[in-house]
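What follows is a short report on a single structure.
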Amino acid sequence: MEMTTILTLLYLLSIIIFSLLASKKTAIADVLFYLIGGLIAVNLHLLSCESVTIEIFAFIGTIFLFFYLGLEENLHSFMVGVQKGWKIAIAGVILPFGVVYGIQMLLTHNTIHALVFAMAFAPTSIGIAFLTLNTLQFRAKEELQPIIVAAALTDDVISLILWGVLGGMLVSLASSTGTISLENILLLALPPIESFLLFSLTMGVIAYLFFLFHPIDSLKKNGLIAFLTRTKASIYSHAGAGIFLGKQEENAAIVMMIFLAFLGSMIADFFGTSVALGAYFMGLIINKDHFSVHSHGSKDIFHEASEKLRFLTLYFFAPIFFINIGLHMEIKDFSALGGLLLSALFLSVSVFVAQFIAASFAARFINHLPWRSATLIGIAMQGRAEVTFLVAIAALSLKLISNTDLFLISLSAFILNLSVPFLLKMAADYHERCDDLGIKN
């Protein structure tokens with residue numbers, strides 16, 4: 001057992017090392033090579049997607065990646081991003097969902113099958129876009145990245161709620177010949193919505209009591225508000241982030257930040273929503289104001305802790321998460337590979353076009369961004385990873401789709417993910433050239 005675990009880790013680390021070297025040589029985002037590395041490893045039977053070791057590290061990778069992504073943002077930029085990105089997210093769910101559903105209905109004439117495929121390709125991967133953007137430098141990045149992240153996150157939340165509603169309906173349809181009434185639809189819709197609202201409320205209370213400093217002065221005149229304010233101030237002064245993060249030395253602060261990431265994930269899981277969302281929101285409410293500067297004034301604890309978390313996330317845990325995606329691409333029947341590849345190409349191109357039109361046109365005509373920015377957002381929203389595989393694997397476990405269907409979804413998502421590093425780099429370079437020339441649209 002120990003030797004198998006060590007060998008698995010050595011294979012994973014070898015893929016990470018070769019991916020980083022290949023990325024440096026080709027100037028292509030390393031996430032592309034992680035995906036390819038997983039694909040090669042599973043088909044050479046070096047690694048398996050059923051490995052418990054890989055599943056654990058990939059799960060931790062999800063939490064680290066989303067927590068660090070939250071740390072990179074702040075509440076103000078996130079709220080601005082949500083205001084600009086929610087319309088992009090809605091368009092980015094509706095059009096790909098409709099296109100995939102229509103295609104699968106024409107090909108299979110199976111409503112359940114078509115709905116599962118549509119739900120699998122509705123959500124966008126934040127991780128693919130973030131890791132690719134992390135390797136790029138262009139002036140508009142600071143403005144566009146919060147919009148992309150907020151749009152993708154909103155996209156995922158909508159998709160998770162959609163799966164909570166439609167997933168239950170599909171199980172009911174598959175197990176009986178009866179029809180689904182409006183009452184049953186509402187009963188299925190309420191739990192995932194309630195879960196997300198309760199999770200959001202809980203995280204908001206935690207943020208206010210432990211992480212936010214200044215109550216609104218104008219409300220202090222009200223007796224109840226004054227009491228709550230004093231209570232909140234007392235909690236913050238004795239147990240707030242400034243105490244358990246800011247007063248610690250660097251290594252202790254890192255451990256506490258990791259603890260908070262898992263705490264946020266546990267809260268999300270308790271309310272039946274994605275652990276990734278819990279980690280992201282916990283990272284979002286932590287900021288540099290919660291950390292004191294070193295006594296000599298020369299050491300920024302927040303910066304030092306974030307850099308070490310960045311290393312652990314971007315060079316170990318997150319790569320394993322993306323390698324694990326590639327491991328779902330095991331080719332078991334080479335005789336059927338040609339037909340599946342053609343189907344996957346057709347499906348991935350259809351999703352790409354639908355997603356690009358939805359996201360870029362919303363960014364251009366609703367948010368009034370320049371075409372070059374809208375194009376970049378349209379490309380960044382193409383990744384399919386976290387929620388896509390959650391939906392596909394859950395549907396397989398519920399016997400709503402077959403193993404062949406899972407492979408087709410995985411292969412189509414893989415093709416979409418491969419397109420992002422190439423095209424996003426081209427879009428960023430074009431954006432920078434247009435900015436250098438002073439082009440407005």
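Could you identify the single residue in S335, S348, S306 that is free of Cβ contacts under 8 Å to residues at least 40 places away in the same chain, closer than 30 Å to E55 by Cβ and among the small types (G, A, S)?
S335
Of all the helices (runs of 4 or more DSSP H) wholly in segment 73-150, which have at least 3 residues that are in contact with a strand residue (DSSP E or B) (Cβ under 8 Å, 6 or more places away or on another chain) and modelled with pLDDT under 90?
Per the criteria, no element qualifies.
Here is a list: A305, A261. Which entry is within 30 Å of S410 (Cα to Cα), in a helix (DSSP H, G or I) and either more than 16 Å from the chain's Cα centre (by Cα) or at pLDDT 90 or above (or both)?
Working: A305 fails: within 30 Å of S410 (Cα to Cα).
Residue meeting the stated conditions: A261.
Results for (1) among the aromatic types (F, W, Y); (2) over 17 Å from the mean Cα position of the chain (by Cα), shown as yes or no for each residue.
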| site | (1), (2) |
| --- | --- |
| R310 | no, no |
| L314 | no, no |
| N324 | no, no |
| L340 | no, yes |
| F356 | yes, yes |
| F365 | yes, yes |
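If only one of I60, I94 is touching a residue at least 60 places away in the same chain (Cβ under 8 Å), touching a Phe, Trp or Tyr at 6+ places or on another chain (Cβ under 7 Å) and not hydroxyl-bearing (S, T, Y), which one is it?
Every option except I60 fails the conditions.
Kindly establish whether S23 is among the hydroxyl-bearing types (S, T, Y) and free of Cβ contacts under 8 Å to residues at least 24 places away in the same chain.
Spelling it out, it is not the case that S23 is among the hydroxyl-bearing types (S, T, Y) and free of Cβ contacts under 8 Å to residues at least 24 places away in the same chain.
Test of understanding: among I28, I15, I56, which residue is modelled with pLDDT of 90 or more and crowded, with 16+ Cβ neighbours inside 10 Å?
Only one candidate qualifies: I15.
Checking D405 against (1) outside any helix (DSSP H, G or I); (2) more than 21 Å from the chain's Cα centre (by Cα); (3) among the charged types (D, E, K, R), which single condition isn't satisfied?
Going through (1) outside any helix (DSSP H, G or I); (2) more than 21 Å from the chain's Cα centre (by Cα); (3) among the charged types (D, E, K, R) one by one, D405 breaks only (1).
Identify all residues within segment 119-139 that are aliphatic (A, V, I, L, M) and surrounded by fewer than 24 Cβ atoms within 10 Å (Cβ to Cβ); write none if there are none.
Once the filter is applied, which keeps residues that are aliphatic (A, V, I, L, M) and surrounded by fewer than 24 Cβ atoms within 10 Å (Cβ to Cβ), segment 119-139 yields L133, L136.
Going residue by residue through segment 325-336, is there one that turns out to be among the small types (G, A, S), at pLDDT 80 or above and over 30 Å from G37 (Cβ atoms)? Talk me through it step by step, then tell me what you get.
Step one: list which residues in segment 325-336 are among the small types (G, A, S), which gives 326, 335-336.
Applying the additional criterion that residues be at pLDDT 80 or above yields 326.
Remaining after also requiring over 30 Å from G37 (Cβ atoms): none.
Scanning segment 325-336, I find no residue that is among the small types (G, A, S), at pLDDT 80 or above and over 30 Å from G37 (Cβ atoms), so the answer is no.
The values are calculated or read from the model by the stated rules, or taken from the named source; none is laboratory data. Since this is a predicted model, take the numbers as computed values, not measurements. Quick reminder, even Gly has a Cβ in these numbers, built from the backbone with ideal geometry, and neighbours come from all protein chains shown.
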